[in-house]
1. Kindly evaluate residue 65 against the criterion of being open to solvent by 70 Å² or more (accessible area, probe 1.4 Å), at pLDDT below 95 and either closer than 30 Å to residue 410 by Cα or not in a loop (DSSP other than H, G, I, E, B) (or both).
2. Scan segment 167-179 and tell me whether some residue there is within 30 Å of residue 256 (Cα to Cα) and free of Cβ contacts under 8 Å to residues at least 24 places away in the same chain.
3. Out of 377, 387, 381, 366, which single residue is open to solvent by less than 50 Å² (accessible area, probe 1.4 Å) and within 29 Å of residue 294 (Cα to Cα)?
4. Test residue 158 against the stated conditions and say whether it is surrounded by fewer than 17 Cβ atoms within 10 Å (Cβ to Cβ) and either touching an Asp or Glu at 6+ places or on another chain (Cβ under 7 Å) or within 30 Å of residue 246 (Cβ to Cβ) (or both).
5. Is it the case that some residue within segment 296-313 is open to solvent by 70 Å² or more (accessible area, probe 1.4 Å), part of a helix (DSSP H, G or I) and either touching a Ser or Thr at 6+ places or on another chain (Cβ under 6 Å) or modelled with pLDDT under 90 (or both)?
6. For the subset of segment 151-167 comprising residues that are of a type outside the set (Lys, Arg) and in contact with a Leu (Cβ under 6 Å, 6 or more places away or on another chain), which member is farthest from residue 204 (Cα to Cα)?
7. Can you name the residue in segment 337-349 that is open to solvent by 40 Å² or more (accessible area, probe 1.4 Å) and not polar (S, T, N, Q) and, of all such residues, is farthest from residue 394 (Cα to Cα)?
8. Enumerate the pairs (first residue in segment 13-40 and closer than 27 Å to residue 114 by Cα and assigned to a helix (DSSP H, G or I); second residue anywhere and among the small types (Gly, Ala, Ser) and modelled with pLDDT of 90 or more) with beta-carbon separation below 6 Å, excluding pairs fewer than 6 apart on the same chain, so at least 6 apart or on different chains.
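The values are calculated or read from the model by the stated rules, or taken from the named source; none is laboratory data. From a predicted model like this one, the values you see are computed outputs, not experimental measurements. With ideal geometry, Cβ positions are generated from the backbone for all residues, glycine too; neighbour counts draw on all protein chains shown. Protein only, heavy atoms only, side chains kept; ligands, DNA and RNA dropped before computing areas. Shrake-Rupley method; radii C 1.70, N 1.55, O 1.52, S 1.80 Å.
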Amino acid sequence: MKTASEKLGPTRVKLTVEVPFDELKPAVEAATVKIADQVQIPGFRKGKVPSRLVEQRFGRPAILQEAVNDSLPDFYQKAAAEAEIKPVGRPEVEVVEIPGLDGKDEGDLVFTVEQDVRPEFDLPEFSSVELEIEEPTVDDDAVQVRLDQLRERFGTLVGVDRPAVDRDFVSLDMTATIEGEEIESVEGVSYQIGEGNMLEGLDEALIGLSSGESTTFVSQLAGGDRAGEDAQISVTAQSVKVRELPEADDEFAELASEFDTIDELKDDLKKQAEADATSNRVGLARNALLEKLLEDLEIPVPEQLVEDEILSHLQNEGKEAGDPHAEEIREDTVKAIRTQFLLDEIHATREVSIEQNDLMDYMTQLSAQYGIEPNQLLQMLAQSGQLEQIFSEVQRSKALDVALSEVVVKNEKGEVLDLGLAKAEESAESEDAAAADEAAEEKAPAKKAPAKKAPAKKAPAKKAPAKKAAAADAEEPAAADAAEEKPAAKKAPAKKAPAKKAPAKKAPAKKAAEATEATEAE
């Protein structure tokens, strides 16, 4: 097989592939057997029809067409690997010439593929990069916020005989109608004014309502079959309550924690706040590094990939192609794809090892973000086939941390900050030393081993596990990783005339049968 590559632009290439008939022949034989298994000819059992009769009955072009459809994805994969391209998005395939249509077992299968690819760009020398972040501080106010949050968990709701104000809890009934038709209704829902997690305009409508009073307002529905449409909302306040907090004293400390005094509890809350500040500092530095690199580097993005991402986003929201929302999310979509290209390039230059605790830390944070138990979230991701994507996110995050460890990070005062991240070479030395210690431990006689000494464990790639996938701070990862697809074959022409160009289906052609179905659908 011969492959010629032509660069059409920064993110697009054209492959011209020539496959000798000898390499296509196994696919022709397999296609003949496949057709024989699917047809019934009088006098022959199903699947036992001779190849000669199959060709006489259905014609050689039909067999060759089936062979090309089934083999094209594999030929394309080999061609892409030979050309050393990194494909993203949907390939466009054109079958130019099919051998054997004249009855001779000779000639070449010729096809072309136009494919978007990952852009090429050079990363800077990270040791020369300097960042400045606003360093999080821990003061008495930060401790008080944590203490108040803990008190709220042990607070009690008490009814009040007055109009509702911000942060009050209201038990409400609500009905949504459009042109007199009731779309949805709920009863006895408890809602805290100011949460902002229900309908837009609800907070303003509830403020000033007393128990038993009603009002109406217009709002856009957020879900259901009529999502996005304006509806008349009728809301009734069944009760108004406030949360009374327990006194912050020694008795509360014993109730809410393992400590006996409120001072001990406050000291522990301060330590928690300091730990969070350290973690937040790393997160701020990550974001600052990404923003600087995105600003400084020229990272082109395939236009078709952007359009596919926007269309997928619209479909997930129940919107049609061409919806005005498409332009609202275009800039964020482009940035998300550029960010993923950048993170993938950093990961390609930084070897990192992923430990089990790295994955568990990420899963714990992700489950907290979505309000789902970690084990339940893990099962959902496994069923939807997204575990590999999660693993890739953790890899990118750790690679970014390794790069960040080489960067000079300062606070507003110009002081250099130690983020506690291990550099790549330090990690490698640590792993080698740990492995050497473990080997020495295994070779040492058992009677000479110290009683309490445990075998050395393999050190992770950095001192602190990644707390959050880097790109997840502001963007959802682009689907570029999952979009590296095989082409679906076009229906082969009976003659040697070039076939019309048609883009392959978006789903990866992982099986030969899928490629055939895609072709027949065309």
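1. Working: open to solvent by 70 Å² or more (accessible area, probe 1.4 Å): no; at pLDDT below 95: yes; either closer than 30 Å to residue 410 by Cα or not in a loop (DSSP other than H, G, I, E, B) (or both): yes.
Considered against the rule, which asks whether it is open to solvent by 70 Å² or more (accessible area, probe 1.4 Å), at pLDDT below 95 and either closer than 30 Å to residue 410 by Cα or not in a loop (DSSP other than H, G, I, E, B) (or both), residue 65 comes out as no.
2. In the first step, residues of segment 167-179 are kept if they are within 30 Å of residue 256 (Cα to Cα); the result is 167-171.
In the following step, the residues that additionally are free of Cβ contacts under 8 Å to residues at least 24 places away in the same chain were identified as none.
No, segment 167-179 contains no residue that is within 30 Å of residue 256 (Cα to Cα) and free of Cβ contacts under 8 Å to residues at least 24 places away in the same chain.
3. On the way: 377 fails: within 29 Å of residue 294 (Cα to Cα); 387 fails: open to solvent by less than 50 Å² (accessible area, probe 1.4 Å); 381 fails: within 29 Å of residue 294 (Cα to Cα).
Answer to the check: 366.
4. Values: surrounded by fewer than 17 Cβ atoms within 10 Å (Cβ to Cβ): yes; either touching an Asp or Glu at 6+ places or on another chain (Cβ under 7 Å) or within 30 Å of residue 246 (Cβ to Cβ) (or both): yes.
Spelling it out, residue 158 is indeed surrounded by fewer than 17 Cβ atoms within 10 Å (Cβ to Cβ) and either touching an Asp or Glu at 6+ places or on another chain (Cβ under 7 Å) or within 30 Å of residue 246 (Cβ to Cβ) (or both).
5. Checked segment 296-313: no residue is open to solvent by 70 Å² or more (accessible area, probe 1.4 Å), part of a helix (DSSP H, G or I) and either touching a Ser or Thr at 6+ places or on another chain (Cβ under 6 Å) or modelled with pLDDT under 90 (or both).
6. Step one: filter segment 151-167 for residues of a type outside the set (Lys, Arg), giving 152, 154-161, 163-166.
If we keep only those that are in contact with a Leu (Cβ under 6 Å, 6 or more places away or on another chain) too, we end up with 155, 164.
On the way: 155: 25, 164: 10 Å.
Per the criteria, the residue is 155.
7. As a first pass, look at segment 337-349 and keep what is open to solvent by 40 Å² or more (accessible area, probe 1.4 Å): 338, 345, 347-349.
Subset that is not polar (S, T, N, Q): 338, 345, 347-348.
Values: 338: 18, 345: 14, 347: 10, 348: 14 Å.
The residue in question is 338.
8. If the second residue must be among the small types (Gly, Ala, Ser) and modelled with pLDDT of 90 or more, the pairs left are 21/107; 27/67; 27/71; 28/67; 31/67.
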